[in-house]
1. Please determine, by comparing only the residues of region 1-23 that are part of a strand (DSSP E or B) and farther than 20 Å from residue 82 by Cβ, which one is most open to solvent (accessible area, probe 1.4 Å).
2. List pairs: first residue in region 18-30 and within 15 Å of residue 51 (Cβ to Cβ), second residue among the basic types (Lys, Arg) anywhere in the structure, Cβ distance under 9 angstrom, at least six positions apart or on different chains.
3. Out of region 91-122, which residues are open to solvent by 50 Å² or more (accessible area, probe 1.4 Å), more than 17 Å from residue 57 (Cβ to Cβ) and touching a residue at least 12 places away in the same chain (Cβ under 8 Å)?
4. Any residue at all in region 90-103 that is assigned to a loop (DSSP other than H, G, I, E, B), closer than 23 Å to residue 20 by Cα and of a type in the set (S, T, N, Q)?
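The values are calculated or read from the model by the stated rules, or taken from the named source; none is laboratory data. All values reported here derive from a predicted model rather than from experimental measurement. A quick note on method: Cβ atoms are made from the backbone with ideal geometry, for glycine too, and the neighbour counts reach across all protein chains shown. The protein model used for the area step is the full one, side chains on, heavy atoms only, and it has no ligands, DNA or RNA in it. Shrake-Rupley method; radii C 1.70, N 1.55, O 1.52, S 1.80 Å.
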Amino acid sequence: MDITLEQPARAHLITGRGQELPVPVTLRYASADPLAVYLDFPPETALDGKDVTWTFSRALLEEGLQRRAGAGDVHLWPCGAFRTVLELHSPSGLALLRFETPPLRRFLQRSYAVVPPGQEDLSTAVDQGLIALFGAV
């Protein structure tokens, strides 16, 4: 049986002028895609007015809560003892978001209760990746 966890979270978008604007997001984890974490943004937060979802590895979230981590489009790092910064790169630009760390840790622990680390069914993830690349044949 597939299980999906969703947890609302409050992020703060850090602007180029140093302001912090509150942004509602939803953290999501699905046992059907056990290596991934999803960060869902509502349409009112996007430039084009559409839902936006960022996907990155659960391992990146875990590492980024402890030390600077990431490559490519997604980077995470602790900012003091109680905050975590998430940096997202896209063709449209860069977004820098600050989260309170305890809710991120709770979400990660909840995901481990669904699929413990190291117990991910990689065959399902590989199959889904191949379908995403090549479509259903």
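1. The initial filter retains those residues of region 1-23 that are part of a strand (DSSP E or B), namely 4-14, 20-23.
When the remaining residues are screened for being farther than 20 Å from residue 82 by Cβ, the result is 4-6.
Values: 4: 84, 5: 21, 6: 112 Å².
Filtering first and then ranking leaves 6.
2. 23/10; 24/10; 25/10
3. Residues of region 91-122 open to solvent by 50 Å² or more (accessible area, probe 1.4 Å): 91-92, 94, 100, 102, 105-106, 109-110, 113, 116-119, 121-122.
Imposing the further condition that a residue be more than 17 Å from residue 57 (Cβ to Cβ) reduces the set to 91-92, 94, 100, 102, 106, 113.
Residues satisfying the conditions are 92, 100, 102, 106.
4. Narrowing region 90-103 to residues assigned to a loop (DSSP other than H, G, I, E, B): 91-92.
Narrowing the set further to residues that are closer than 23 Å to residue 20 by Cα leaves 91-92.
Filter once more, so that each one left must be of a type in the set (S, T, N, Q): 92.
Yes, because at least one residue in region 90-103 is assigned to a loop (DSSP other than H, G, I, E, B), closer than 23 Å to residue 20 by Cα and of a type in the set (S, T, N, Q).
Quick grid of which residues meet (1) in a helix (DSSP H, G or I); (2) aromatic (Phe, Trp, Tyr):
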site: 53; (1), (2): no, no
site: 56; (1), (2): no, yes
site: 60; (1), (2): yes, no
site: 63; (1), (2): yes, no
site: 67; (1), (2): no, no
site: 75; (1), (2): no, no
site: 81; (1), (2): no, no
site: 86; (1), (2): no, no
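Per-residue answers, yes or no, for (1) in contact (Cβ under 8 Å) with a residue 24 or more places away in the chain; (2) in contact with a helix residue (DSSP H, G or I) (Cβ under 9 Å, 6 or more places away or on another chain):
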residue: 37; (1), (2): yes, yes
residue: 43; (1), (2): no, no
residue: 46; (1), (2): no, no
residue: 49; (1), (2): no, yes
residue: 55; (1), (2): no, no
residue: 59; (1), (2): yes, no
residue: 67; (1), (2): no, no
residue: 70; (1), (2): no, yes
residue: 76; (1), (2): no, yes
